[in-house]
Each structure stands twice: as C-alpha cells, then as structure tokens.
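Everything below concerns the one structure shown next.
The values are calculated or read from the model by the stated rules, or taken from the named source; none is laboratory data. None of the values given here were measured: they were computed from a predicted structure. Using ideal geometry, Cβ is built from the backbone for each residue, glycine included, and neighbour counts are taken over all protein chains shown. Note: areas computed on protein heavy atoms with side chains; ligands, DNA, RNA excluded. Shrake-Rupley method; radii C 1.70, N 1.55, O 1.52, S 1.80 Å.
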Amino acid sequence: MSAADAPGGVAVLASGEGTNLQALIDTAAREGLRDGIALVVSDRAEAGALVRARAAGIPAIHLSPADWSTRAAYDHALADLLAERQITLVVLAGFMRILEAEVVQRFAGRMLNIHPSLLPRHRGLDTHRRALEAGDRIHGSTVHFVEPELDAGPPILQYRIAVQPWDTPGRLAQRVRHGEHFIYPLAVRWWLQGRLDCTDGQAYLDGKPLAAPLVVTRDMAPIPG
Ligand code: GRF
C-alpha cells in the first residue's frame, strides 16, 4: 500500500530525544509534507520527543506500558489508537520496543524504521561501538520497511560515512544522526507522494524494485547502492 491509496496522517513513535522527529517536523513545516505529522506517541513519559511534539502543536500521547498487563496487550492498544486516528503511515524514530508480529502485519507497507547501522550489519543495540570494534571502514544508517523480525525488512535508503581513526561511538552517533535527519524525511516524503511502496517483502520506488537501498553520502544526493 502507498500514500496514493490513503487519506490519513503520519504518526511518529519515539522513546528518546526525538531529533529524527524534529527533522520530520521541520521538513513538514518547510515543505508542507502532506497532512504533516498527525500524532506522536511515546512509551516514555520523559521522552524529549513528546516535548518537541507539544512545542510544535502536534498531539502527543504518552502510552505507558505499565498500564497494560502484557506486552501484546500494549501493542494492540497502540495499534488500535493508530487505527482510531486513521493513521496511514507509522514512522518509528527511536522507538525502543519490539512490536508484536500481528501489529507489524497490520501496518504492512505502512511502517518505516530507521536503524543506526548499515543493515544487515549490526542489528540490535550499541551499533556504533560494534561497528568500531569490528573495524568497519564504512558505517551509517538505514531506513527500511518494518517486518516482524528485528531490524529487518526491505531497505530503502542508507546514509554512509567513512569511519575515521579518531571516531568514538559518540562521535559516530553524532555524524550518523546528522545524515539520518536528511534520509528519514526524504523516505517519508517519497511515501507520502506515493512513490514508495512495499509488496510481498519487496520495496519499490517509482514502480521499480529496489534491489539494494539507495545510498546517500555527505553530499546528500541519493544514488543507486
Ligand atoms: C537514531 O539513531 C535512530 O537511528 C535509532 O534511534 C535513534 C533515535 O534518535 N533508531 P532520536 O531520538 O531521533 O534523536
């Protein structure tokens, strides 16, 4: 499914600081992303993302996992909330929970994630430290459609940087995040324009299958991977 079929808005799910959310808010304000961001949901009351959403006048909801007896019940409540609000695209931006497979399937082709590594390398946590320890010469971040398996799903865009001898996990995180703030709004824009689609586990851009993610480097211009 792509935006061409769907009238509703975008929801961003975030647990942390929300700098990717901020990049989306800024892009929406600057370029009038269709319908802007309709809703922000966080599992953490203290998430900076909620503060950023409220400052931008976006409905922001803290959905506390403590209010549900099981992980599955929480995930279904979250999915029901998104459906009630007629959310068409779910954007995971540092949402630190693994969603139930059923919930992910409910939003198949309508849920994006950004992961701070060049997937399939370094799924999971602590990616910058692991990239350094592995001696990776290239590192970065990946925007992908979400599938039930953790940090899997058809990749769309990657931001790639060369690892420098003086890099630390913190420095890498900072440089990678800088690129994330470009590639995530770009992918969301494509989806909202109906250019991006996912069918049967295959991502398409402008109707053409993406055999590999498009690659963005420091000049911020996407090229085939
Ligand atoms: C980003 O690095 C993203 O790749 C990962 O979580 C981080 C979120 O950062 N999924 P922020 O909250 O958007 O600043």
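As I understand it, the dipole of the chain uses +1 on the Cβ of Lys and Arg and -1 on the Cβ of Asp and Glu, about the Cα centre. Which of Ala187, Tyr204, Leu39 lies farthest toward its positive end? Comparing the listed Cα positions along the dipole, Ala187 ranks first. Protein heavy-atom surface of the stretch 101-225, 1.4 angstrom probe: 52% of the accessible area is carbon and sulfur, with nucleic acids and ligands not counted. In the stretch 22-179, with Lys and Arg counted as +1 and Asp and Glu as -1 at Cβ, which of these residues, Leu63, Ala162, Leu78, has the Cα nearest the positive end of the dipole, that is, farthest along it? My answer, from the dipole projection, is Ala162. Inter-part distance, the stretch 136-191 to the stretch 31-83, computed on C-alpha centroids, equals 23 Å. Based on DSSP H segments of at least four residues, each scored -39500 (n - 2.57), the chain has a per-residue ellipticity at 222 nm of -10000 deg cm²/dmol. Helix 19-31 axis versus longest C-alpha principal axis of the chain: approximately 80°, rounded to the nearest ten.
Only beta bridges with both residues in the chain are counted; by DSSP, about 50 percent of them are antiparallel. Net length available on complete extension from Arg123 to His178 is 17.8 nm, with 0.36 nm assigned per residue and the Cα-Cα distance removed. Per residue, the stretch 93-225 exposes 48 Å² of solvent-accessible protein surface, assessed with a 1.4 angstrom probe and all protein chains in place. Charges were assigned to the Cβ only: +1 to each Lys and Arg, -1 to each Asp and Glu. The resulting dipole of the stretch 88-225 about its Cα centre is roughly 420 debye.
Among the GluC sites (Glu not before Pro) in the stretch 126-225, those placed in a DSSP loop whose Cβ has at most 11 other Cβ atoms within 10 Å are Glu149. Rounding to the nearest 10 and keeping the result within 0 to 90°, find how far the Cα-based axis of helix 169-192 lies from the longest principal axis of the chain. Roughly 50 degrees, rounded to the nearest 10.
Treating the angle as unsigned and between 0 and 90°, give the value, to the nearest 10°, between the Cα long axis of helix 71-84 and the longest Cα principal axis of the chain. In the chain, helix 71-84 runs at an angle near 70 degrees to the longest axis.
Other residues lying with their Cβ under 9 Å from the Cβ of Leu205 contribute a combined charge of 0, Lys and Arg counting +1, Asp and Glu -1. The chain has equivalent-ellipsoid semi-axes of 26, 20, 18 Å, by the square roots of 5 times the alpha carbon gyration tensor eigenvalues, sorted largest first.
Please report the antiparallel percentage of DSSP beta bridges with both residues in the stretch 147-219, rounded to the nearest 5. Here the share of antiparallel DSSP bridges comes out near 65 percent.
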